[in-house]
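Pasting a structure here, questions to come.
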Amino acid sequence: MLQTRALSIRVANRTLVAGLDWSMAAGQCWALLGRNGSGKTLLLQTLAGLRPAAAGDVLLTGRAIQHWPAIERARAVALLTQVEPVDYWGSVADHVALGCLPQTEAGGRGATPGARRTPGFSGASDDGLLRRPEVVARALRCLHLGALAGRPWHGLSGGERQRTRIAQCLAQQALVQLWDEPLNHLDPAYQQLTLDLAQRMAAEGRTVVLSVHDPAAARRYCTHALLLYDSKHFTLGPVAEVLDETSLRNLYPLDPPEFPDPPPATPNPAL
Amino acid sequence: MKRLAIAGLLIGAPACLMLALFSGSVAISPDRWWPILSGHGSPLENEIVWTLRASRALAAFTVGGLLALSGGLMQALLRNPLADPYLLGLSGGAAVGSLACMLWPLGTPPAVGATIGAALSATVVVSIAHRRLALDPYRLLLAGVAMASGTAAVVSLLLALAAPGQLRGMLFWLMGDLSASVASPLAALVLVAAGVVSVFLARGLDALALGPLKAASLGIAVQRTQWLALACAVIATACAVLIAGTLGFVGLVVPHLVRLSGHHLHRQLLPLSILAGGILLTLADTAARSMLAPAELPVGALLALLGVPVLLALVLRLR
């Protein structure tokens, strides 16, 4: 489904990823693990075709992603971004409905030609074509947002906003789902719900890539993992083979902590 | 609420134009309205209603629509609720060009000077904000503010150099004035064309509210949407400035008022803002020439008096 060939990513004269060969098949759920600043976000943006690679290629169903027309690419690949502006003026349902843009932009009339019924999240009419209001309603329900549908988006809490963003990715109905830190701001119950959803989408035949910081969650919910140690060193493969004690110690080495100076033993009498 | 707002604006537009036709320094009794409308008025009545008031009312409606459309586009483009049509320094550039022509008449009409000034100002600001083929909202905002400050300083110098006899005309132009305005088919055409293009851009503008990266991931051609929206906003503002000088608050306040009625999506917001802006300016201009008739108040000052409390009320409603 999605593949990289000798992919390199550079930012501000710094190489974050060099020579990455990676193949993500339909039905696989990948965990992307790495330390802060290791390039996970830029890698996902490059996979989504929104950022040029310094070298190498990203192939979507065998064709270089930069050669896909923007609207076709958006139908195939959904990206959950980490940071978005906070001043969206519409409602929660409006926000989620933006996910349907790639399907409605050329197809028109709210129909999503070619999008066939898949079990789980997708809504379908009798002729098998997905209808926009149904898709939005189903995406809202999946993230337990039905009661908030009419609420202004800017009045939501951080966790509710994150669930809205995930629901928007569901409404996009893309076969490749790239989620950058989907667990941000979510409480443990919604973290589990989100990971369940990702797992189920992969089981339905989609390709899912999650950038996460929790190895236990990656072990439990993902089929495969890519560990970014540094620009030239990475490990990838099935979770059971890749995520072991040694690899995690190498990925997250425990440096001796440094703490601020302790407070003085006796209070300053002048204060 | 949403349907009520649409109905109110659709009824309000012809109603405010009617009010503008029959209000003013010369009173026309209601029993004469129908004969005049059906073409059976006296020559004097026809002159007053059709030649003077209708032309001015249509000019006011067009300018109000242009400014409100431009304001809505700029707020979407800059993702900033305080953006208004003059943010690119257009009004400042136009003011410098126009006042310079009034001060040193070299055969160039002030309108031509205003056009040249507005175009130069917008070119400088957009050139600075242009980055890697896309527009950077923060650069656009900062360059626009800097340009507005610079042109304000030049305007002050020009006013200081002006003879006392020239000052009144200059001040009225700066405050916004429709007294010499006539309906312009070209401006109406610009309004319709910019409105139609904006409606085609509406989905892209909705997605741009989530930032350019997310919009691109949804298949939006970000740069094309930004450039077309900016071009519509600049042309609409320049047209409005040429007809009526620099009228504040319409472009800033009207899109917010429309949003309050629940219309957030740009395919509704922008056309409804055109109607609401037209209605607001037509009513304000009618009030400006009727309240102390035969004396006439500058409509820009009246709009500011109305606009400031409305804006403050909006700020109080935010979060």
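Per DSSP helix of 4 or more residues, -39500 (n - 2.57); summed, then divided by the residues of chain B. What does that give at 222 nm, rounded to the nearest 500?
-24500 deg cm²/dmol
Most exposed first by the Cβ proxy, i.e. fewest other Cβ within 10 Å, how do B:Thr282, A:Thr223, A:Thr81 rank?
Sorted ascending by nearby Cβ count, the order is A:Thr223, A:Thr81, B:Thr282.
Separate question: With viscosity set to 1.002 mPa s at 20 °C, what whole-number translational diffusion coefficient in µm²/s follows for region B:2-317 from Stokes-Einstein and a Kirkwood radius over Cα pairs?
106
Pop the C-beta distance of A:His185 and B:Val310 into the FRET formula with R0 = 30 Å and round what comes out to the nearest 0.05.
Computed FRET efficiency for A:His185 and B:Val310 comes out at 0.25.
What is the dipole size for region B:2-317, taken about its Cα centre, with +1 at each Lys and Arg Cβ and -1 at each Asp and Glu Cβ, in debye to the nearest 20?
980
What FRET efficiency, computed as 1/(1 + (r/R0)^6) with R0 = 60 Å and r the Cβ-Cβ distance, is obtained for A:Thr15 and B:Thr123, rounded to the nearest 0.05?
Taking R0 as 60 Å, the efficiency between A:Thr15 and B:Thr123 is 0.95.
For chain A, what proportion of DSSP beta bridges, expressed in % and rounded to the nearest 5, is antiparallel? Walk me through the intermediate numbers first.
Details: 22 of 40 bridges.
For chain A, the DSSP antiparallel bridge percentage is about 55.
I've got another one for you. Could you run the Debye sum over the Cα atoms of region A:146-214, one equal point scatterer each and no solvent, and tell me log10 of I(q)/I(0) at q = 0.14, 0.23 Å⁻¹, two decimals?
So the normalised log intensities are -0.43, -1.08.
Also: I want the antiparallel fraction of DSSP beta bridges within the protein assembly as shown, as a percent rounded to 5.
Numbers: 24 of 42 bridges.
In the protein assembly as shown, DSSP labels about 55 percent of beta bridges as antiparallel.
About the Cα centre, and with charges only on the beta carbon of Lys, Arg (+1) and Asp, Glu (-1), how big is the dipole of the protein assembly as shown? Nearest 20 debye, please.
Around 720 debye, computed over the protein assembly as shown.
Further question on the same structure: Around B:Leu135, which amide H atoms from residues at least 5 apart in sequence, or from another chain, sit under 5 Å from its own amide H, with H modelled in the peptide plane?
Long-range HN contacts for B:Leu135: none found.
Hull surface divided by four, with the convex hull built on the Cα atoms of region B:32-87: how many nm²?
5.1
Next question. Express the relative contact order of chain B as a whole percentage, based on alpha carbon pairs under 8 Å and six or more residues apart in sequence. Mind dumping the intermediate values first?
Details: 489 pairs, mean separation 97.9, N = 319.
Relative CO of chain B lands at 31 percent.
In Å, what Rg and Dmax follow from the Cα atoms of chain A?
For chain A, the Cα radius of gyration and maximum Cα-Cα distance read 20.6, 82 Å.
Sticking with this one: Given region A:156-244, what percent of its DSSP beta bridges are antiparallel, to the nearest 5?
50
Still on this structure, please answer the following. Excluding same-chain residues fewer than 8 positions from A:Lys232, which lysines have a Cα within less than 17 Å of its Cα?
Cα-Cα hits under 17 Å: A:Lys40.
Further question on the same structure: Using 7 Å Cα-to-Cβ label points, what is the B:Ser29/B:Val182 separation (nm, one decimal)?
Result: 3.3 nm between the two label points.
Can you compute 3J(HN,Hα) from phi for each residue in region A:146-159, using the Karplus curve 6.51 cos²θ - 1.76 cosθ + 1.60 with θ = phi - 60°, rounded to whole Hz and x for Gly and Pro?
Values per residue, Gly and Pro as x: x, 6, 9, 3, x, 6, x, 5, 5, x, 7, 6, x, x Hz.
Return the aspartates and glutamates within reach of B:Lys2: Cα separation strictly under 13 angstrom, same-chain partners fewer than 8 residues apart disregarded; answer none if there are no such residues.
Within the straight-line cut-off, B:Lys2 pairs with nothing.
Moving on to the next point. For region A:233-242, what does the Karplus curve 6.51 cos²θ - 1.76 cosθ + 1.60, with θ = phi - 60°, yield as ³J(HN,Hα) per residue in whole Hz, taken in order and with x for Gly and Pro?
Those phi angles translate into 10, 8, 10, 9, x, x, 3, 4, 8, 8 Hz.
Relative contact order, percent, of chain A when contacts are C-alpha pairs under 8 Å separated by at least 6 residues?
Values: 488 pairs, mean separation 69.0, N = 271.
Relative CO of chain A lands at 25 percent.
Quick one: which residues, 5 or more positions from A:Gly49 or on another chain, have an amide H under 5 Å from its amide H? H modelled 1.01 Å from N in the peptide plane, none for Pro or chain starts.
none
In addition: Looking at the square roots a ≥ b ≥ c of the eigenvalues of the Cα gyration tensor of region A:41-106, which shape do they give, rounded for a/c under 1.5, prolate if a/b is larger than b/c, or oblate?
oblate
Nearest 500 deg cm²/dmol is fine: what mean residue ellipticity at 222 nm does chain A get from its DSSP H runs of n ≥ 4 alone, each adding -39,500 (n - 2.57), divided by its residue count? Intermediate values should be presented prior to the final figure.
Working: 10 runs with 88 residues, N = 271.
After summing the helix terms and dividing by residue count, I get -9000 deg cm²/dmol.
Another question, if that's okay. Taking the Cα centroid of region A:26-47 and of region A:154-219, what is the distance between the two, rounded to the nearest whole Å?
14
Now a separate question. Can you tell me the Rg and Dmax of the protein assembly as shown, counting just the alpha carbons, in angstroms?
For the protein assembly as shown, the Cα radius of gyration and maximum Cα-Cα distance read 29.3, 99 Å.
How many Cβ atoms of partner chains, on average, are near each residue of A:67-75 if near means within 10 Å of its Cβ?
Details: counts 0, 0, 2, 7, 4, 1, 3, 7, 2.
For peptide A:67-75, the averaged partner shielding equals 3.
Which distance in Å, rounded to a whole number, links the C-alpha centroids of region B:216-282 and region B:147-197?
19
So what J values fall out for region B:93-103 if you push phi through Karplus, 6.51 cos²θ - 1.76 cosθ + 1.60 with θ = phi - 60°, rounded to Hz, Gly and Pro as x?
With coefficients 6.51, -1.76 and 1.60, one gets x, 5, 5, 4, x, 5, 5, 4, 5, 5, 6 Hz.
Quick check on the exposure proxy: order A:Tyr190, A:Tyr221 from fewest to most C-beta atoms within 10 angstrom.
Placing the least packed residue first, the sequence is A:Tyr190, A:Tyr221.
All of the numbers you see were taken from the coordinates with simple rules; none came from a lab. Computed from a predicted model, the values in this text were never measured in an experiment. When we count neighbours, we look across all protein chains shown, and the Cβ atoms used for this are built from the backbone with ideal geometry, even at glycine.
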